Amino acid sequence: MRYYFAPMEGLTDSVYRRLHHKYFGGADRYYMPFFSPTMHRVLTGKEDRELPMADSVDFVAVPQVLTKVAEDFLWAAQACKERGYEEVNLNIGCPSGTVVAKGKGAGMLSDLEALDRFLDAVFSAAPLPVSVKTRLGLTSPEEFPALLEIFNRYPIRELTVHPRVRKQFYQGDVHLDSFRYAAAHSTNPLCYNGDLFSLQDINKIAQEFPRVEAVMLGRGLVADPGMLCGGTDVHNLEAFHDALLEEYFVLFGGSRNAMFRLKENWSYLLPRFEDSDKLGKRLRKTTDLGEYKEIAHEIFQTLALK
């Protein structure tokens with residue numbers, strides 16, 4: 001089984017990926033949070049920073065692109081190739097309201113004929129192998145068979161299926177029957193993504209879908225960053241946190257933005273600590289860097305991991 005770290009906007013940036021690999025590892029590939037090319041077809045300063053030369057890191061990273069314009073995708077894929085990447089991922093699963101309203105991400109699932117034309121243009125000229133990350137549809141899993149029929153027309157390097165529809169976001173049950181349909185009918189390699197919070201969850205997928213050779217983990221791996229390498233040791237977790245804080249302080253030019261970025265991580269980490277409500281509330285409220293460090297240290301040193 002191959003393990004992929006999912007792209008999570010505002011969480012798994014270039015700093016996070018590099019330090020996660022250093023302190024924990026276990027991921028075979030890190031998928032980058034998407035960048036969305038514009039009509040100007042130039043990388044912003046942030047995009048340039050988040051898309052380093054592929055050989056500048058000692059792990060496999062895969063850029064993800066979000067666009068509904070085939071020519072923009074092809075430009076972005078060429079930019080990725082020039083930076084040494086060997087794969088580019090197409091995001092047609094993002095459920096964000098602002099993304100869907102622009103017809104991107106999961107919004108592309110509303111018009112299958114347009115999606116087919118887009119994929120035809122992309123796969124006719126892509127300079128790199130293209131993988132795809134998708135959902136089952138917009139409102140109903142019953143939309144998925146027609147969607148999969150379109151995917152089967154193209155040589156997708158790997159099709160990652162999150163078996164929820166867009167309107168669910170990340171709530172409610174995953175539709176394993178729909179993924180079972182994908183496993184039986186997809187002509188492309190499959191990767192499973194969704195509600196993997198432990199090795200037991202991964203093993204269940206592996207046992208039920210023995211031909212599926214990859215899983216993608218997001219929220220579960222942020223909450224338990226050492227899951228894939230024997231478990232999360234609290235001392236290692238504190239060292240990882242402190243390294244993130246130090247680098248974010250420099251990157252964002254001050255403590256407020258650095259703390260804000262890490263508080264996103266804490267929304268996943270805190271539920272894993274027993275009796276964390278009181279300290280967690282103080283951590284979320286503080287705007288003082290010294291107090292923040294003291295509270296974080298107290299959490300790591302006095303609360304037990306579940």
Self-check item: Selection within the stretch 52-80 - of a type in the set (Asp, Glu) and over 16 Å from residue 118 (Cβ atoms)
Solution: 55, 58
Quiz item: Here are 55, 48: which of them is among the acidic types (Asp, Glu), touching a residue at least 24 places away in the same chain (Cβ under 8 Å) and open to solvent by 60 Å² or more (accessible area, probe 1.4 Å)?
Solution: 55
Quiz item: Which of (1) closer than 29 Å to residue 306 by Cα; (2) open to solvent by less than 70 Å² (accessible area, probe 1.4 Å); (3) in contact (Cβ under 8 Å) with a residue 60 or more places away in the chain does residue 169 not meet, given it meets every other one?
Solution: (2)
Quiz item: On the given criteria, is residue 138 touching a Ser or Thr at 6+ places or on another chain (Cβ under 9 Å), more than 20 Å from residue 35 (Cα to Cα) and not in a loop (DSSP other than H, G, I, E, B)?
Solution: no
Practice problem: Output the helices (runs of 4 or more DSSP H) that fall wholly within the stretch 182-274 and possess 2 or more residues being among the polar types (S, T, N, Q) and open to solvent by less than 50 Å² (accessible area, probe 1.4 Å), or say none. | Solution: 255-269
Quiz item: Which is open to solvent by less than 30 Å² (accessible area, probe 1.4 Å), at negative phi and among the hydroxyl-bearing types (Ser, Thr, Tyr), of 16, 23?
Solution: 16
Quiz prompt | Some residue of the stretch 60-71 being more than 25 Å from residue 165 (Cα to Cα), without any contact (Cβ under 8 Å) to a residue 40 or more places away in the chain and either surrounded by 18 or more Cβ atoms within 10 Å (Cβ to Cβ) or among the aliphatic types (A, V, I, L, M) (or both) | solution = yes
Quiz item: Is there any pair with a first residue in the stretch 1-22 that is in contact (Cβ under 8 Å) with a residue 12 or more places away in the chain and a second that is part of a loop (DSSP other than H, G, I, E, B) and among the charged types (D, E, K, R) whose Cβ atoms are under 8 Å apart and which are 6 or more apart or on different chains, and what are they?
Solution: 1/213; 2/28; 2/213; 3/28; 4/28; 21/58
Quiz item: Is it fair to say residue 215 is within 26 Å of residue 283 (Cα to Cα) and among the aliphatic types (A, V, I, L, M)?
Solution: no
Self-check item: Top-ranked residue in the stretch 124-165 [being buried (at least 19 other Cβ atoms within 10 Å of the Cβ) and among the small types (Gly, Ala, Ser); ranked as farthest from residue 79 (Cα to Cα)]
Solution: 137
Practice problem: Could you please tell me which pairs satisfy a Cβ distance under 6 Å, a separation of 6+ or placement on different chains, a first residue in the stretch 97-123 that is open to solvent by less than 50 Å² (accessible area, probe 1.4 Å), and a second residue that is part of a loop (DSSP other than H, G, I, E, B) and of a type outside the set (A, V, I, L, M, F, W, C)? | Solution: 103/68; 104/68; 106/93; 106/95; 108/68; 109/137; 119/154; 123/154
Exercise. Scan the stretch 78-96 residue by residue and report those that are crowded, with 18+ Cβ neighbours inside 10 Å and over 20 Å from residue 6 (Cβ atoms).
Key: 79
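The values are calculated or read from the model by the stated rules, or taken from the named source; none is laboratory data. Because the structure is a prediction, the values reported are computed rather than measured. As a convention, Cβ positions derive from the backbone with ideal geometry for all residues, glycine included, and neighbour counts pool all protein chains shown. Note: areas computed on protein heavy atoms with side chains; ligands, DNA, RNA excluded. Shrake-Rupley method; radii C 1.70, N 1.55, O 1.52, S 1.80 Å.
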